[in-house]
Amino acid sequence: MAELLRSLQDSQLVARFQRRCGLFPAPDEGPRENGADPTERAARVLGVEHLPAVNCKGGGAPANGLRRAAAPEAYVQKYVVKNYFYYYLFQISAALGQEVFYITFLPFTHWNIDPYLSRRLIIIWVLVMYIGQVAKDILKWPRPSSPPVVKLEKRLIAEYGMPSTHAMAATAIAFTLLISTMDRYQYPFVLGLVMAVVFSTLVCLSRLYTGMHTVLDVLGGVLITAVLIVLTYPAWTFIDRLDSASPLFPVCVIVVPFFLCYNYPVSDYYSPTRADTTTILAAGAGVTIGFWINHSFQLVSQPAEPLPVIQNIPPLTTDMFVLGLTKFAVGIVLILLVRQLVQNLSLQVLYSWFKVVTRNKEARRRLEIEVPYKFVTYTSVGICATTFVPMLHRFLGLP
């Protein structure tokens, strides 16, 4: 078993998959690597170049949340694509597992398809992503070595590898959607199952193609998600009704996620995991509070509970398509405005409170600034998406 796990974690396995799909390192990558000094070679094996350590008094961890080592920076790696079908297939598939997809797909589902489904998807997505992000910074397993692996993504290169949160999110979204619609809409179950498997498989394979994860990272992410779905499924209906459980519910929704974000596991150097985790938990908190506001004050129509009669999926017409795009465009514009306004305001308040120079972008990475401004910003975005956007739709006569 130990030998199998080591083989699944081998970077050579990822490299062979890339070569079979027509992705190769540029011919001049090898000689330059051989001519590099040992420190540079070690950095490039990790796919990053490390910055000097951050100075702090007394040799301990600085109070501002920055660690002793600054964030790694990716070097520009050249590569050769010999099969553009796989290149574009897996680049698009990788995008389906990124935050930009979920912050567009989930609101679109809420505004145009079914608020009941969007609420359940968001809750499971937040749970899965938090556990995956925390597991990365606790296990601290490295990403595949480069070389031999070609790495196509640079932003996430400072994060650890195990488990793959792209694989976790894709599996969670696909199969939660399948399970939640089985007794709600009438469609061939086999077709839904195939679509869920294809979606999650493409996202998982894209993590190998882009060189960001080992096979073990991906399989670990899928298995963790499967266990979480099985364990939480009996409580899904109870979770759906929490927004009417207690007047203290919104307080818990704010306090618990903020506490988890502020006490995120310490990393050896700065990486975007804490910021991304805060964004995800804050968005989930905002959405949940938005549903509570809707339920308490009857501002907009509530998500319908599972119906005794299974609904048919309506055919997509031109009018429905145009209406959906219009509602989506109106909603996204309002969300972007709220996001920018709240972000600027919260940063100004925090900069003033902690006496930080406004132009100091590095200050955003400090624990006492990054977590509060991210949390306030994306909690506001979540509330806006579930409460104010539907109210605006109704005001504009968009059913």
Item to complete: Would you point out which residue out of VAL128, VAL100, VAL150 is under 12 Å from the mean Cα position of the chain (by Cα) and either hydroxyl-bearing (Ser, Thr, Tyr) or at pLDDT below 90 (or both)?
Response: VAL100
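This table checks each residue for (1) within 20 Å of GLY324 (Cα to Cα); (2) among the hydroxyl-bearing types (Ser, Thr, Tyr); (3) surrounded by fewer than 16 Cβ atoms within 10 Å (Cβ to Cβ).
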| residue | (1), (2), (3) |
| --- | --- |
| PHE354 | no, no, yes |
| LYS361 | no, no, yes |
| ARG366 | no, no, no |
| GLU370 | no, no, no |
| TYR373 | no, yes, no |
| TYR378 | no, yes, no |
| ILE383 | no, no, no |
| PHE388 | yes, no, no |
| HIS393 | yes, no, no |
Worksheet, complete the sentence: Taking segment 101-157 and keeping only residues that are farther than 21 Å from ALA385 by Cα and among the charged types (D, E, K, R), one is left with LYS136, ASP137, LYS140, ARG143, LYS151, GLU153, LYS154, ARG155
Worksheet item: Could you say whether any residue in segment 239-248 is surrounded by fewer than 17 Cβ atoms within 10 Å (Cβ to Cβ), under 28 Å from ILE138 (Cβ atoms) and among the charged types (D, E, K, R)?
Response: no
Worksheet item: If you go through segment 5-16 one residue at a time, how many are closer than 11 Å to VAL215 by Cα, open to solvent by 60 Å² or more (accessible area, probe 1.4 Å) and part of a helix (DSSP H, G or I)?
Response: 3
Worksheet item: What number of residues in segment 197-241 are out of contact with any helix residue (DSSP H, G or I) (no Cβ under 8 Å at 6 or more places or on another chain) and modelled with pLDDT under 90?
Response: 5
Worksheet item: Taking the condition under 24 Å from ARG119 (Cβ atoms) and either in contact with a Gly (Cβ under 6 Å, 6 or more places away or on another chain) or not hydrophobic (A, V, I, L, M, F, W, C) (or both), does ARG184 pass?
Response: yes
Practice prompt. Scan LEU231, LEU248 and give me the residue that is more than 22 Å from TRP292 (Cα to Cα), among the hydrophobic types (A, V, I, L, M, F, W, C) and without any contact (Cβ under 8 Å) to a residue 24 or more places away in the chain.
Written response: LEU231
Worksheet item: Which condition number does TYR75 fail, the rest of (1) closer than 30 Å to LEU281 by Cα; (2) of a type outside the set (Gly, Ala, Ser); (3) at pLDDT 50 or above; (4) open to solvent by less than 30 Å² (accessible area, probe 1.4 Å) being met?
Response: (1)
Worksheet, complete the sentence: Per the filter on segment 256-287, residues in a helix (DSSP H, G or I) and open to solvent by 40 Å² or more (accessible area, probe 1.4 Å) are VAL256, PHE258, PHE259, LEU260, TYR262
Discussion item. Being open to solvent by 20 Å² or more (accessible area, probe 1.4 Å), at pLDDT 85 or above and either outside any helix (DSSP H, G or I) or not aliphatic (A, V, I, L, M) (or both) is the requirement here; does PHE105 meet it?
Written reply: no
Worksheet item: Counting just the residues of segment 131-160 that are open to solvent by 50 Å² or more (accessible area, probe 1.4 Å) and touching a residue at least 60 places away in the same chain (Cβ under 8 Å), which one comes out nearest to LEU281 (Cα to Cα)?
Response: ILE131
Worksheet item: Among the residues of segment 189-200, is any hydrophobic (A, V, I, L, M, F, W, C), out of contact with any Cys (no Cβ under 8 Å at 6 or more places or on another chain) and surrounded by 24 or more Cβ atoms within 10 Å (Cβ to Cβ)?
Response: no
Response to the item:
Selection from segment 341-396 of residues of a type in the set (Gly, Ala, Ser) and either farther than 24 Å from VAL256 by Cβ or in contact with a Cys (Cβ under 6 Å, 6 or more places away or on another chain) (or both) yields SER352, ALA363
Worksheet item: Does at least one position in segment 166-176 carry a residue that is more than 15 Å from the chain's Cα centre (by Cα) and open to solvent by 20 Å² or more (accessible area, probe 1.4 Å)?
Response: yes
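The values are calculated or read from the model by the stated rules, or taken from the named source; none is laboratory data. None of these values were measured; they are calculated from a predicted model. With ideal geometry, Cβ positions are generated from the backbone for all residues, glycine too; neighbour counts draw on all protein chains shown. In case anyone asks, the SASA skips ligands and DNA or RNA and just uses the protein heavy atoms, side chains included. Shrake-Rupley method; radii C 1.70, N 1.55, O 1.52, S 1.80 Å.
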